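Right, one structure below, let's go through it.
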Amino acid sequence: MTTSKSVTIGNFELFAVEAGRFLLDGGAMFGVVPKTLWSRQIPSDDKNRIPMAMRSLLIKSKKTGKIYLVDTGSGDKFNEKMAGIYGLNYDHSNLLDSLSNVGISPDDVTDIIFSHLHFDHCGGTTTYDDDGNLKEVFPNAVYHVNQQHWETATNPNAREKASFFAENLDPIEKSGRLNLVGDNHEFETGLDTISVNGHTVGQQLPTITSGQTKLIFAADLIPTFAHVPLPWIMGYDMYPVQTLAEKEEFLNQAAENGWYLFMEHDASHEIITVGREKGKFMMKNSLSLNQIS
Ligand SMILES: [Zn+2]
């Protein structure tokens, strides 16, 4: 399945572009939540893995003419063993076909905003050419990374190290087009970021705003609909108690103001809204991008 759905919010035309599917350990995805509970929300396979989307967001600015891509999926630089462990599946979708389906060639992309640089968010920025050399996929794009995140990614602790691949980060650094941005950075009017630090230091969530309408690329703050309840936090998070506080503040505002949350990793929900049920945050509505009004 590829998607060609779009919606216009203010000056921006938005497209959901899928960059493939993969599988992650369900226990790791839900931290302290027992399997008896999480498997009712997202069932796992015989290896305890749950299906994950890699859904990027393409943003065309009518005002500046810029074409922004938020995250690039895991890419295809995996050996067979790694591809098997993560169940990487590009038959479902791949980034370049998904972009082509909405009339975008890689050369057209002017800006890539990385939520963060874990491999499933930035690997698609490069590929191997026929001679096995690393090649940039988006040769004209400026790469925007939060400054503190760049410091973490290039000097990781032993626990986070496994998520940062040299073959992903080196070409970004050597491109000459790396732009380090501060917290809550504004790219242009109506397009800025929310900075959060629990999953990894300096994660940024791109946000599109027009009047009362707000859409947030929820990245790994809320990777799937099942991560809306406050304690449902990934085991992968570096600072889960900080995530808890950040989620509470974020979800309070999201529920109050009807924010649309763009799901990067949810295999069956593209956009959700949230509400409270018996005092707990829950998914309220599930919709596709083109159903946003
Ligand atoms: Zn991550």
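The values are calculated or read from the model by the stated rules, or taken from the named source; none is laboratory data. Keep in mind that this is a model prediction, so the values were computed, not measured. Ideal geometry is used to build each Cβ from the backbone, glycine not excepted, and the neighbour counts take in all protein chains shown. Just so you know, the surface numbers come from the protein's heavy atoms only, side chains and all, with ligands and any DNA or RNA stripped out. Shrake-Rupley method; radii C 1.70, N 1.55, O 1.52, S 1.80 Å.
Numerical summary
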{"item": "Meets criteria (in contact (Cβ under 8 Å) with a residue 60 or more places away in the chain, over 26 Å from E186 (Cα atoms) and open to solvent by 10 Å² or more (accessible area, probe 1.4 Å)) for K77", "result": "yes"}
{"item": "Among the residues listed as L134, L169, the single one being in contact (Cβ under 8 Å) with a residue 24 or more places away in the chain, open to solvent by 10 Å² or more (accessible area, probe 1.4 Å) and more than 16 Å from the ligand (Cβ to nearest atom)", "result": "L134"}
{"item": "Count - residues of the stretch 216-235 that are in contact (Cβ under 8 Å) with a residue 60 or more places away in the chain, open to solvent by 10 Å² or more (accessible area, probe 1.4 Å), touching an Asp or Glu at 6+ places or on another chain (Cβ under 8 Å) and not in a helix (DSSP H, G or I)", "result": "1"}
{"item": "Among residues of the stretch 1-45, those that are touching a residue at least 40 places away in the same chain (Cβ under 8 Å), open to solvent by less than 40 Å² (accessible area, probe 1.4 Å) and in a helix (DSSP H, G or I), counted", "result": "5"}
{"item": "Among (1) at negative phi; (2) over 15 Å from the mean Cα position of the chain (by Cα) - the single one G211 does not satisfy", "result": "(1)"}
{"item": "Yes/no for A245 being surrounded by fewer than 24 Cβ atoms within 10 Å (Cβ to Cβ), aliphatic (A, V, I, L, M) and either away from the ligand (no atom under 12 Å from the Cβ) or in a loop (DSSP other than H, G, I, E, B) (or both)", "result": "yes"}
{"item": "Residue list for the stretch 46-59, filter: assigned to a strand (DSSP E or B) and charged (D, E, K, R)", "result": "R49, R55"}
{"item": "Flag for N157 being under 25 Å from V33 (Cβ atoms), open to solvent by 10 Å² or more (accessible area, probe 1.4 Å) and within 14 Å of the ligand (Cβ to nearest atom)", "result": "no"}
{"item": "The one condition in (1) under 30 Å from L251 (Cβ atoms); (2) open to solvent by 30 Å² or more (accessible area, probe 1.4 Å) that V142 fails to fulfil", "result": "(1)"}
{"item": "Test: residue in the stretch 194-202 that is buried (at least 23 other Cβ atoms within 10 Å of the Cβ) and away from the ligand (no atom under 16 Å from the Cβ)", "result": "no"}
{"item": "Subset of the stretch 136-176 [under 20 Å from F187 (Cβ atoms) and part of a helix (DSSP H, G or I)]", "result": "Q147, Q148, H149, W150, I172"}
{"item": "I208 vs. criteria in contact with a Leu (Cβ under 6 Å, 6 or more places away or on another chain) and either more than 16 Å from the ligand (Cβ to nearest atom) or at pLDDT below 95 (or both)", "result": "yes"}
{"item": "Residue within the stretch 264-278 that is more than 13 Å from the ligand (Cβ to nearest atom), surrounded by fewer than 19 Cβ atoms within 10 Å (Cβ to Cβ), modelled with pLDDT under 95 and in a loop (DSSP other than H, G, I, E, B) present", "result": "yes"}
{"item": "Residues being more than 18 Å from L58 (Cα to Cα) and within 16 Å of the ligand (Cβ to nearest atom) - total across the stretch 137-150", "result": "4"}
{"item": "Lone qualifier among S93, S115 - being part of a loop (DSSP other than H, G, I, E, B), within 16 Å of the ligand (Cβ to nearest atom) and open to solvent by less than 30 Å² (accessible area, probe 1.4 Å)", "result": "S115"}
{"item": "Within the stretch 119-130, tally of residues that are within 14 Å of the ligand (Cβ to nearest atom) and open to solvent by 10 Å² or more (accessible area, probe 1.4 Å)", "result": "2"}
{"item": "Options G198, G176, G190: the member that is in contact with a Pro (Cβ under 7 Å, 6 or more places away or on another chain) and modelled with pLDDT of 95 or more", "result": "G198"}
